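Data block below; observations after.
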Amino acid sequence: MKKVLNYLFEHRTLSREDAREILISIGKGAYNEHELSAFMTVYLMRSITIDELMGFRDALLELSIPIDFQGKKVIDVVGTGGDGKNTFNISTLSCFIIAGAGFPVAKHGNYGASTISGASNLMESVGYKFKNDQAALQKELDVANMCFLHAPFFHPALKTVGPIRKNLKVRTFFNLLGPVVNPSKPAFQLIGVYNLEIARLYNYLLQSEEAKFAIVHSLDGYDEISLTADTKVITREGESVYHPAYLGGMTVDPSSIEGGEKVEDAVKIFMTIIEGKGTSAQNAVVCSNAAMGLMLTGSFTDYASAYDAAQQSLLGGKAFQALKKLIDLQ
């Protein structure tokens, strides 16, 4: 690692193959925590290149435990995290809304590293038991239209760096890998990013994949559709910018989508919203993200009909029923 660090400290970048080999070594426990901290810090000082991102991704997928849902076309809605905005768990709620609308979701997530409550913190708190047993996950999809893939159970390399990421308490390049290493290889991916540079990296990477995708970025810095400002949406077909009024019928104040100071706060907000008791701002934000995900399936002729389906799922109790069915299986 000393040789690698000296190379990177000279402002050089890694080839795709070198990046792959380094992360393979990380996954096999070849480096100590101080070496790993220094390595991760490099990518706080400069942006990751597309070759580095692709090489790191190659390694994680190579080391991962695969999951095959027998041809079922699943959706994932995930953000990079690291936007520093401390929102409630918008992506996870969106996933349950999509599941309630009748579409299978394989949500990939982890504990919060640079945020108070990651998807895994939330799911564990509401009674979900992490697993990588294919039959059990398949049953969850069949019964509840929803299963959760806790990243360290599928990516051994993440177990090695997890404590270090938590101690650093800042976003690292691992934030960028999570959204593109879902082991179920979803057919539809809605990915939220915290800046446009990362959006372009993902666009380049995903253009070569089969999945139908949308990359979203709120222009005031959120890694999701926040309705606090205009949102840029990038798909295989091109780029568009949408006003909050189009996406959710309103512009919301940032304070209305905050997630609280601890995991318990996030869980309380999550349960309030999924039970149909959220504020109009909270409901609009989660429904707009869910609607963008639903649009990817090709089952809706326009965004308004997808948004209507999302509202019916949330306010009609279908999203909550999906959660209940999922937890009952644990």
>> Give me, ordered by chain and number, the residues 5 or more places off Thr87 or on other chains with an amide H under 5 Å from its own placed amide H.
In response: Gly259
> Between Lys2 and Lys28, 0.36 nm times their residue separation minus their Cα-Cα distance comes to what?
Replying inline: 7.6 nm
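About the Cα centre of the stretch 104-206, how large is the charge dipole given +1 on each Lys and Arg Cβ and -1 on each Asp and Glu Cβ? Please answer in debye to the nearest 20. Show your work: numbers first, answer last.
On the way: 11 positive and 5 negative charges, 58 e Å.
It comes to approximately 280 debye.
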> For the chain, with only Lys/Arg (+1) and Asp/Glu (-1) charged at the beta-carbon, what is the dipole magnitude about the Cα centre, in debye rounded to 20?
Replying inline: 600
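Looking at the stretch 142-283, send over the antiparallel percent of its DSSP beta bridges, to the nearest 5. Don't skip to the answer; put the middle values down first.
Values: 10 of 15 bridges.
Among the beta bridges of the stretch 142-283, antiparallel pairing accounts for roughly 65 percent.
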> Relative to the longest principal axis of the chain, what angle (0 to 90°, nearest 10) does the C-alpha long axis of helix 280-296 take?
Replying inline: 70
> Expressed as an acute angle from 0 to 90° and rounded to the nearest 10, what is the orientation of the C-alpha long axis of helix 318-328 relative to the principal long axis of the chain?
Replying inline: 60
> Where is the GNM fluctuation largest for the chain (alpha-carbon springs, 10 angstrom cutoff): Gly248, Gly260, Gly109?
Replying inline: Gly260
>> Per DSSP helix of 4 or more residues, -39500 (n - 2.57); summed, then divided by the residues of the chain. What does that give at 222 nm, rounded to the nearest 500?
In response: -15000 deg cm²/dmol
> What translational D, rounded to a whole number of µm²/s, comes out for the chain from Stokes-Einstein when the hydrodynamic radius is the Kirkwood one over Cα pairs, at 4 °C and 1.567 mPa s?
Replying inline: 66
> Going toward the positive end of the dipole of the stretch 75-205, with +1 on Lys and Arg Cβ and -1 on Asp and Glu Cβ, which of Ile164, Ile75, Asn195 do you reach last?
Replying inline: Ile164
> Anyone know which of Gly317, Gly238, Gly162 comes out most mobile in the 10 Å Cα GNM of the chain?
Replying inline: Gly238
> Projected onto the charge dipole of the chain (+1 at Lys/Arg Cβ, -1 at Asp/Glu Cβ, origin at the Cα centre), which of Asn283, Ile225, Ala319 gives the Cα projection farthest towards the positive end?
Replying inline: Ala319
> Mind listing the phi-derived Karplus ³J(HN,Hα) values for the stretch 195-203, rounded to whole Hz, using 6.51, -1.76 and 1.60 with θ = phi - 60°, and x for any glycine or proline?
Replying inline: 8, 6, 5, 5, 4, 5, 4, 4, 4
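Values in this text are rule-based calculations from the coordinates and carry no lab data. Values in this document were obtained by computation on a predicted structure and should not be read as measured data. A quick note on method: Cβ atoms are made from the backbone with ideal geometry, for glycine too, and the neighbour counts reach across all protein chains shown.
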